[in-house]
There are 2 protein chains.
Amino acid sequence: MKDIDWIAADWGTSNLRVWGLNRQCQVVAERSSDQGMAKLDRSGFEPALLALTNDWLPQNRQTPVVCCGMVGARQGWIEVPYRQVPCKPVGFDVGGGPETRDPRLRVFILSGVKQTGTAPDVMRGEETQIAGIISDDPQFAGVLCLPGTHTKWVRIDAGEIVRFRTFMTGELFDLLSAHSVLRHSLDGKGSDSVEFATSIEAMDAEAAQLASRLFSIRAQALVSELSPATAKARLSGLLIGAELAAAKDDWFDQALTIVGNGPQAELYAEGLRVLGQAPRIVDASHVTLIGLKWAYLQIAKEFP
Amino acid sequence: MKDIDWIAADWGTSNLRVWGLNRQCQVVAERSSDQGMAKLDRSGFEPALLALTNDWLPQNRQTPVVCCGMVGARQGWIEVPYRQVPCKPVGFDVGGGPETRDPRLRVFILSGVKQTGTAPDVMRGEETQIAGIISDDPQFAGVLCLPGTHTKWVRIDAGEIVRFRTFMTGELFDLLSAHSVLRHSLDGKGSDSVEFATSIEAMDAEAAQLASRLFSIRAQALVSELSPATAKARLSGLLIGAELAAAKDDWFDQALTIVGNGPQAELYAEGLRVLGQAPRIVDASHVTLIGLKWAYLQIAKEFP
């Protein structure tokens, strides 16, 4: 693996993904594991990184590893400070680097972004995706929706994050699916796009009814018929619909880009189409890697 | 224990509570355990009942045991059918009785109540509390709020349950406190009535923002200061506030009675006071027992 000049790492709550890049910043290798922040205590991060990259590291020099995500959180490898909005999405000025026992590693962790005042908020990882988008399109202005466990809505202008807002929609979906009384009704496969659209529209009309509508999933399964596919479509339609209703100021008549991949991003796009919008979707892994490259180029200037 | 003529049992998801009553329907003994429906498989119900009542049962006759609650649910001892609104809260016509191995037991399980149509809903246990209220005050008309894991709002008229609606507020509070990212911010004691009132008012103004406001608890704890007492007050204020906003048609300018006990009922009352209402609170255990007595008197007529 003598071509690997540096390593990019997307290290979130649930997963670790690494790319080995050559001097021209081309990807020559790629690996991933389930060793996310939530599974590791402070001493577990270096072994988890080495488990994926040991044979990529030459003996005679330090290999830079540029990381983004929850690896820099309070429960992460080291807590890296936040930069405050309005700000550019990635700057190395207040990032940090943990000491490593293996002398071949030189680890950099990118800082997150915070918002203080009357609407306190935080992000870790999404700022790197945003950097990737702005790196691709320096004139970008508009709103980004980044679906995830904690979905972010972010206003971008003049290359900066102006303000943002987080919804716990993904985590609510996971908790209700796994632990609540609704779990009895959700055990099965399939999807139901009509039910999803109906639920999106119901929340658009009266988002306040969320906690009551959620129980209807359980009740209808008990008193009449409700297939698991319809129950799941209703659960995600209600939760995403409540979020879209609450975030309407952010997307209505705006140029909206969804940053994501897989079924969750598609559900947000479908929900927005139900409400008459046509969002663009960009691939989250793609822009994460571009953002990490951008950060690396800044780091390389400071630490040649 | 020769005075015990029959047994009343409030058997919910988490707990079992039994009262031994004499021929004059006076309580002569009372016990409880944590052997709720959720901890038992089908064969576990009879032993759980005998563990509390074995020495109350004479050898020479069957002792009636009148049960209400989740013991009659699909995951309970036997599934007892629902009666459909509009209906009186308790009638023995479609209840049921499981076979027991111990010949000293004669078990009756009261049916729940369902609502079909466009707003499907179910209750099990609350109908017995409602029976207790109507038994005490046959002229009662108005709205009942029964806080719990699944809080019910019930419209009563002419001795009947007219319609009702369930909110998953209590379960959301438990899930978010125990399993979500917010748990890191809630570890501690105390309360904060100012923060609770502020959160109630915020949801009254814009209930749709719930999933976003919830994340502010985590974000504010990270970027500035948020005591666990304030975080908990905000969590319960947001969740109860969203429910009160959604249920406003049920309580605004209505005679409202809260059926509950302990801190949760008090929080609902406090939230309503913040919004300018003055609800009455009646003790849930008290009305459950009255409802079970009422059911027993009906049963005794049919099975002398």
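The table that follows gives values for the structure above.
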quantity	calculated
Residues (out of contact with any Lys or Arg (no Cβ under 9 Å at 6 or more places or on another chain) and surrounded by fewer than 20 Cβ atoms within 10 Å (Cβ to Cβ)) located in region B:142-174	B:Thr149, B:Asp157, B:Ala158, B:Gly170, B:Phe173, B:Asp174
Strands (runs of 3 or more DSSP E) lying entirely in region B:18-92 (those with 3 or more residues that are of a type outside the set (A, V, I, L, M, F, W, C) and farther than 22 Å from B:Thr116 by Cβ)	B:27-33
Strands (runs of 3 or more DSSP E) fully within region A:105-181 counting 1 or more residues that are within 14 Å of chain B (Cβ to nearest Cβ)	A:112-115, A:121-123, A:142-146, A:151-157, A:160-167
Whichever residue in region B:166-190 is under 15 Å from B:Tyr268 (Cβ atoms) and among the polar types (S, T, N, Q) and, among such residues, is nearest to the chain's Cα centre (by Cα)	B:Thr166
Among (1) under 25 Å from B:Gly117 (Cβ atoms); (2) within 12 Å of chain B (Cβ to nearest Cβ); (3) surrounded by fewer than 24 Cβ atoms within 10 Å (Cβ to Cβ); (4) at pLDDT 90 or above, the one test that A:Leu186 misses	(2)
Of residues in region B:254-302 being over 30 Å from B:Gly97 (Cα atoms) and of a type in the set (S, T, N, Q), the one modelled with the lowest pLDDT	B:Gln254
Hits in region A:1-30 (condition: farther than 27 Å from A:Glu171 by Cβ and of a type in the set (Lys, Arg))	A:Lys2, A:Arg23
Residue check for B:Pro98: under 30 Å from B:Pro47 (Cα atoms) and either within 14 Å of another protein chain (Cβ to nearest Cβ) or among the charged types (D, E, K, R) (or both)	no
Residue in region B:230-242 that is in contact with a Pro (Cβ under 7 Å, 6 or more places away or on another chain) and closer than 30 Å to B:Ser135 by Cβ present	no
A:Leu297 being buried (at least 20 other Cβ atoms within 10 Å of the Cβ) and assigned to a helix (DSSP H, G or I)	no
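The values are calculated or read from the model by the stated rules, or taken from the named source; none is laboratory data. Computed from a predicted structure; not experimentally measured. When we count neighbours, we look across all protein chains shown, and the Cβ atoms used for this are built from the backbone with ideal geometry, even at glycine.
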